[in-house]
Amino acid sequence: MQLGAETGLDPGWINNGGLFIASTKARMDEYRRLCTLGVSFGIESSVLDPEETKKLFPLIDSDVIEGSLYSPGDGVVDPKKLCAALTHSAIKSGAQVIENCPVTSILTGKNIFGTRQITGVVTPLGSIKTSCVVNCCGESVSRELAALVGLHLPLVPMKHAYVITEPIPEVEGLPNIREHDASIYFRVQGQSLCMGGYETNPIVLEKVQHDSGLNVYELDWIVFSKHMRGAVNLIPAFETAGIKSTVCGPECFTPDHNPILGEDPRLLGFYHNCGYNAAGTMLGGGCGEQLANWIVNGRPNLHMFEFDIRRFTPEQRKDASWIFAKSHESYVTNYEIVFPYDENLAGRNFHQGPFHQELIDAGCVFEERQGWERPGWFSPKGPAPVPKYDWYGEYGTPRNSDVRYENLLKGEHTFGFTRSHNIIGEECLACREQVVMFDMSYFGKLYMCGPEAQKAADWLFTTDTRRPIGRTVYTCLLNTRAGVEADVTVSAIETGTGGLADPIFKGRGFYITTGGLSSYHTYAHILQILSEKNFKVGLTDLSVKLGVLSLQGPNSRDLLQPLVDVDLSDEQFPYSTTRLVRVAGHLCRAVRISFVGELGWELHVPWDSCVAVYKAIWEHANKHGLRHAGYRALHSLSSEKGYHLWNADLRSEDNPLEAGLDFMCREEGDYVGKDALDAVKRKGLKKKLAFFQLREQIPVYGLEAIWRDDEVVGYLRRGDYGHSIGSSIGQG
């Protein structure tokens, strides 16, 4: 909005408003929630009935809709004009723009730690020495640029099309339309309508021509016919308007429909800013600003994990089948209702834990996080395995006949309390009153060992890790701005006999566990700091070689004691300690710790011993009331206790003081982010984490506005239901 005044050029922005059309009651529920969320961020919107919608766009058939959400601040922009204005503004501010100058090679070297880093680029016009390259080439060219340095990017280019009508004088000045239930959109372009959509059978492109313009392919009317039917159903006049022109060009999609940003941990100085598809016009400004912070200051000043390249593991980025399936579904479901507890169907079973079949037999309803299948909750109806991806019946693939898993997911498709609500409540109460088993095998599990392991731990972690062997501490990993990049547990260990639970190493050793969703993010953050400081230490990731069973609840000691060869009493095995134990003869690492605030132990078990240990525990289950519990219960229980969940109530834009974690920030010694934290202490806090308990039986899921004295002062980071206290709870 400021570019016109800055540059004297028209950036092509037209503020004509936007209508989000609902054809179902469930969609109207989503729009009501969106309207509420908009309050948190100062976005004006209103929910309209069919007649109110028709007044704003008279050509709509009000009989086929349930209503709409109107956003007066919405609009449309001409990308060509926008780019011209941005380029002019950049040059005016001192930037250099060199056109018709392709990069033919990227130069790399190695730092002292042996980590690869950028040293320059080669072009037909000459070479440029630089320690920073940003990959923002769009479509499949971004993949090719990454390939120049041996890297893989999870990007899939697909054909995307829209049509432009002959003039319809009545549409001039009317708002744009998104008809999510029909997966179509209308952009008002003068007196014409541009209409496109997202079909279930998009045409995937192996390669995109570098010198291609936008309109490079013939439109496939068979593929596009579904959109035409949806358009005529909503706007009958569309049928006779006539088509002036068609546009069919490449758009790039990622496995989760989010762009890819940030420094690649495999090559220092190589940043990504790609994978946007048409959303780049909307997201480019904010993402560009954050990427600038990333480059200049080392990290963005907002929490960008959902866009960060580190949300994908190296294994995911290399697997073409996984990338294709996930990206196909992200295209197909672009306009689907986003229910709080929905799960994707593509790319499943990428990583299965060591207890996978045993959990299926127990009725586990799985969730997928960072490629791992983890237990969500347990259905009394029996096994419901995740089926093979059926491509929504497209590309000659028949729809799955086994729909047990999908039918259970349909019970979660609500903004109210889900069908599984009471079952999850039973899991929670079993934990508080008896004992439950959580499979936490997808957690990240790292060994940091070597001559300077303690020196590295002092610099990495906010908590004092100079503790006796066997002591476990909960601690933060910060960035230089004191933002929390991870919260982890760190155990001081001694060298062992060479097993997965007791490795051999020289010097002092630490066993680090971190949340599974962000385990690669945590690993990459630690590795980068070790590289920068050149510590003589090794970091080994054994996440796929160790399983984790967590037994939690007042009966956990009685259940576990007959199975182990050590005394589990408070005197011999106090809280926040770890010991090597044998469970049914198998060597494991036991850690007395809890994410739910109950008596309990985690058993970190070598992969080959996992099933035997699992079966031994369940042989003693009945007398102690053991039952399975999933992550839905774990998150509810942890929220009741006020424990943190990174990427939800705790993020990289928060410092420990704001999050109530000042108790784990030592005063003595230096560590990453301490200078910034000391500055915060001097200046005082501008925000503070607060806890909320609702009186009414209304579910909350996060992003709901927080009001004080008739003013919006924040929003819920995390919402859940506390089954022990019988009410909805949240942190914000």
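The values are calculated or read from the model by the stated rules, or taken from the named source; none is laboratory data. These figures come from a predicted structure and were not determined experimentally. When we count neighbours, we look across all protein chains shown, and the Cβ atoms used for this are built from the backbone with ideal geometry, even at glycine. Protein only, heavy atoms only, side chains kept; ligands, DNA and RNA dropped before computing areas. Shrake-Rupley method; radii C 1.70, N 1.55, O 1.52, S 1.80 Å.
Only one of [x] 27.2, 83; [y] 65.4, 215; [z] 28.7, 101 was calculated from the structure for Rg and Dmax of the Cα atoms in Å, and its label is [x]. Taking a Cβ cut-off of under 15 Å around D49, the surrounding Lys, Arg, Asp and Glu residues balance to a net charge of -1, with basic ones at +1 and acidic ones at -1. Normalised by 2.2 N^0.38 Å, where N is the number of residues, the C-alpha radius of gyration of region 444-500 stands at 1.18. The chymotrypsin sites (Phe, Trp or Tyr not before Pro) of region 1-83 meeting both criteria, a DSSP state outside H, G, I, E and B (loop) and at most 13 other C-beta atoms within 10 angstrom of the site's C-beta, are F41.
Of the residues A648, F692, S71, the one whose Cα sits farthest towards the positive end of the charge dipole of the chain is A648 (charges of +1 on Lys and Arg Cβ, -1 on Asp and Glu Cβ, taken about the Cα centre).
For the chain, the relative contact order is 11 percent, taking Cα pairs closer than 8 Å that sit 6 or more residues apart in sequence and dividing their mean separation by the residue count. The GluC sites (Glu not before Pro) found in region 229-324 that occupy coil by DSSP, while having at most 12 further C-beta atoms within 10 Å, are E306. Remark: the chain carries 43 Å² of accessible area per residue (probe radius 1.4 Å; ligands, DNA and RNA excluded). Helix 25-40 and the longest principal axis of the Cα set of the chain meet at an angle near 80°.
Once both labels are positioned 7 Å from their Cα atoms along Cα-to-Cβ, the gap between L148 and E289 label points is 3.0 nm. Of I235, A84, H525, which is farthest towards the positive pole of the chain's charge dipole, taken about the Cα centre with +1 and -1 on the beta-carbons of Lys, Arg and Asp, Glu respectively? Towards the positive end, the residue furthest out is H525. Entry for region 274-382 at q = 0.15, 0.22 Å⁻¹: log10 I(q)/I(0) = -0.85, -1.30, Debye formula applied to identical alpha-carbon scatterers, no solvent contribution.
Between Q209 and Y575, the contour length at 0.36 nm per residue exceeds the Cα-Cα span by 125.7 nm.
Note on the chain: with neighbouring protein chains present and a 1.4 Å probe, carbon and sulfur make up 52 percent of its accessible heavy-atom surface. Here is the list for region 657-701: GluC sites (Glu not before Pro) lying in DSSP coil, each with at most 16 other C-beta atoms within 10 angstrom of its C-beta, are E667, E668, E696. Computed over the chain, the per-residue total of -39500 (n - 2.57) for DSSP H runs of n ≥ 4 gives a 222 nm mean residue ellipticity of -7500 deg cm²/dmol, rounded to 500. Each 10 Å bin from 0 upward holds the following percent of the Cα-Cα pairs of region 1-143: 10, 22, 20, 20, 17, 10, 2.
Straight-line cross-link partners of K536 among the aspartates and glutamates, defined as a Cα under 13 Å from its Cα and at least 8 positions apart when in the same chain: E452.
Which of the pairs K55/K326; K244/K410; K80/K388; K92/K159; K455/K681 have their Cα atoms more than 31 Å apart in this structure? Over 31 Å apart, Cα to Cα: K55/K326; K244/K410; K80/K388; K92/K159. Straight-distance candidates among the aspartates and glutamates for linking to K623, with alpha-carbon spacing under 13 Å and chain neighbours fewer than 8 residues away dropped: D558. The gain in end-to-end length when the E306 to E218 segment is fully stretched comes to 28.2 nm, 0.36 nm per residue minus the alpha carbon separation. Taking the Cα centre of region 330-432 as reference, the dipole from Cβ charges on Lys and Arg (+1) and Asp and Glu (-1) amounts to some 100 debye. If R₀ is 41 angstrom, what is the calculated FRET efficiency for the pair K683 and E52, using the beta carbon separation as r and rounding to 0.05? Plugging the Cβ-Cβ distance into 1/(1 + (r/R0)^6) gives 0.30. Against the chain, whose longest principal axis is taken from its Cα atoms, helix 221-234 shows a tilt of about 80°.
The relative contact order of region 312-383, computed from alpha carbon pairs under 8 Å that lie at least 6 residues apart in sequence, is 26 percent.
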